[in-house]
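Engineer: The following block contains the structure, expressed as structure tokens.
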Amino acid sequence: MVSCPLISDPYPVEAQLLRTFVTVARLGSFSAAAVQLGYTQAAVSQQIAALENDLKTQLLNRRPVTPTEAGTRLLEHAEPILLRLDAARTDVTRMTTTPAATLLIGVTPLAGATSALPAALAALRDQMPRLAITIQTGNRGDTAIAVARGELDLALTDGLTAPGDPLPELAPVTATGLTEEAVRIVLPDGHPLAARSTLCLMDLADARWIAADNVAPQLAEIRRHADTAGFRPAFRYTGQDLKTLINLAAVGHGLTLLPETAVRDQGVTAVPVALPRLCHRLELIHAALPERSPAAALAAILSQR
């Protein structure tokens, strides 16, 4: 490992000091941060001390290593700043390099299961038959950050929102709405509400729910839209297989909320949500796309569908 000397800077807080601070705070260890950043532990300690000297306050408790009140506030600012710096570097790099014959696509599990991506990729292959394509699955927050940092060329993400409203911004990326569809609650056949034509989400706050953050809307998100407490998990599913989740709900392990197309032709009871007015929104997200790049071509295809 190499020592990282401090470099004088006209600004009171240097980006590298912020990056080191965020890494130490996230890992809760100076030594672990040194390994991840490729510095000596002494260099990491020196950078944290320099940052605390610049801001004239202690940012980290040392034993155990945790952010102070001031450090917690700095973290709220530092992480978005560093993400935007990474996004800016990626945008400049894209402008000055030749587009590669590869395409890295991010998808959230539900977006991949309910989108027109396979057909769009088939159309793209007709244009670029030798293109190497990789699809990476992840949650919406991590996927958006990966796009902003240039680790993914573009992505399809999804979430709950009111009709016509965009999803909350999670990173400095461009988001384009592709589709919106109604949502339904999957119930076992013998459930007292299974015969209803529609359901009010607020009436189900005390029901048994399945927490399936990798494939369905998070219960915290459902709670926010219902504007009421409750929606506590009675069962947790950490996989990404949509069919498994639907089957778990259908046999009574708990309720789950999914877009209409996800439950269509599944042979299960799925009742539409009438209140609040909600939809499942599919969005295409990307940073700046070089002209004639595979990512730009795919974005154009998806936007036309």
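The values are calculated or read from the model by the stated rules, or taken from the named source; none is laboratory data. Being a predicted model, the structure only gives us computed values, none of them experimental. Neighbour counts are summed over all protein chains in view; Cβ atoms, including those assigned to glycine, are modelled from backbone coordinates with ideal geometry. Each accessible area value is taken on the protein alone, full model and side chains, heavy atoms only, with ligands, DNA and RNA left out. Shrake-Rupley method; radii C 1.70, N 1.55, O 1.52, S 1.80 Å.
Engineer: Through the Karplus equation 6.51 cos²θ - 1.76 cosθ + 1.60, θ set to phi - 60°, convert the phi angles of the stretch 150-166 into ³J(HN,Hα) values in whole Hz; use x for Gly and Pro.
Structural biologist: For the stretch 150-166, the Karplus-derived couplings read x, 6, 10, 6, 6, 7, 10, 10, 9, x, 8, 7, 6, x, x, 8, x Hz, x marking Gly and Pro.
Engineer: For the stretch 102-212, what is the largest minus smallest coordinate of the Cα atoms on each principal axis, given in angstrom and ordered from greatest to least?
Structural biologist: Taking the Cα atoms of the stretch 102-212, the three principal extents are 54, 30, 25 Å.
Engineer: A further question on this structure: Can you tell me the 0 to 90 degree angle between the C-alpha axis of helix 117-127 and the longest principal axis of the chain, rounded to 10?
Structural biologist: 70 degrees
Engineer: Also, I was wondering about something else. If r is the Cβ-Cβ distance from S303 to A182 and R0 is 22 Å, what FRET efficiency results, to the nearest 0.05?
Structural biologist: 0.50
Engineer: For the residue pair R208 and T72, what label-to-label distance in nm results when each label sits 7 Å from Cα along the Cα-to-beta-carbon direction?
Structural biologist: About 3.6 nm separates the two model spin labels.
Engineer: Right, another one. Decide, for the stretch 32-84, between rounded, prolate and oblate: order the square roots of the alpha carbon gyration tensor eigenvalues as a ≥ b ≥ c, take rounded if a/c falls under 1.5, and otherwise choose prolate if a/b is larger than b/c, else oblate.
Structural biologist: oblate
Engineer: May I pose another question? Hey, what's the Cα Rg ratio for the stretch 246-305 versus the globular rule of thumb, 2.2 N^0.38 Å?
Structural biologist: For the stretch 246-305, the normalised Cα radius of gyration is 1.68.
Engineer: To continue, here is another question. Taking the mean number of other Cβ atoms within 10 Å as a proxy for protection, how do you rank 195-201, 144-150 from highest to lowest?
Structural biologist: Result, highest mean Cβ count within 10 Å first: 144-150, 195-201.
Engineer: Further question: If you roll a 1.4 Å probe over the stretch 154-305 with all protein chains in place, what percent of the accessible area is carbon or sulfur?
Structural biologist: Percent of accessible area from carbon and sulfur atoms in the stretch 154-305: 48.
Engineer: Pop the C-beta distance of D241 and N53 into the FRET formula with R0 = 45 Å and round what comes out to the nearest 0.05.
Structural biologist: Approximately 0.30, to the nearest 0.05.
Engineer: Which number comes out as Rg/Rh for the chain once both Rg and the Kirkwood Rh are worked out on C-alpha atoms?
Structural biologist: 1.05
Engineer: Return one quarter of the surface area of the convex hull spanned by the alpha-carbon atoms of the stretch 156-217, equal to its mean projected area, in nm².
Structural biologist: Across all orientations, the stretch 156-217 yields a mean hull projection of 5.9 nm².
Engineer: I want to check the label-to-label distance for L27 and I133. Put each point 7 Å from Cα in the C-beta direction and report it in nm to one decimal.
Structural biologist: 3.8 nm
Engineer: For the stretch 32-144, I need the span (max minus min coordinate) of the C-alpha atoms along each principal axis, in Å, sorted largest to smallest.
Structural biologist: Sorted largest first, the three principal extents are 59, 33, 23 Å.
Engineer: Any idea which of V44, L55, P80 is furthest toward the positive side of the dipole for the stretch 29-139, if Lys and Arg beta-carbons carry +1 and Asp and Glu beta-carbons -1?
Structural biologist: Final value for the positive-end residue is V44.
Engineer: Can you work out the PRE-style zone for D227? Point 7 Å along Cα to Cβ, and I want the residues of the stretch 248-289 with backbone N under 15 Å.
Structural biologist: Correct set: 275-278.
Engineer: Another question, if that's okay. Given a Förster distance of 41 angstrom, what is the FRET efficiency for V251 paired with R125, based on the Cβ-Cβ distance and rounded to 0.05?
Structural biologist: About 0.55, to the nearest 0.05.
Engineer: Quick one: divide the alpha-carbon radius of gyration of the stretch 164-305 by 2.2 N^0.38 Å and tell me what you get.
Structural biologist: 1.17
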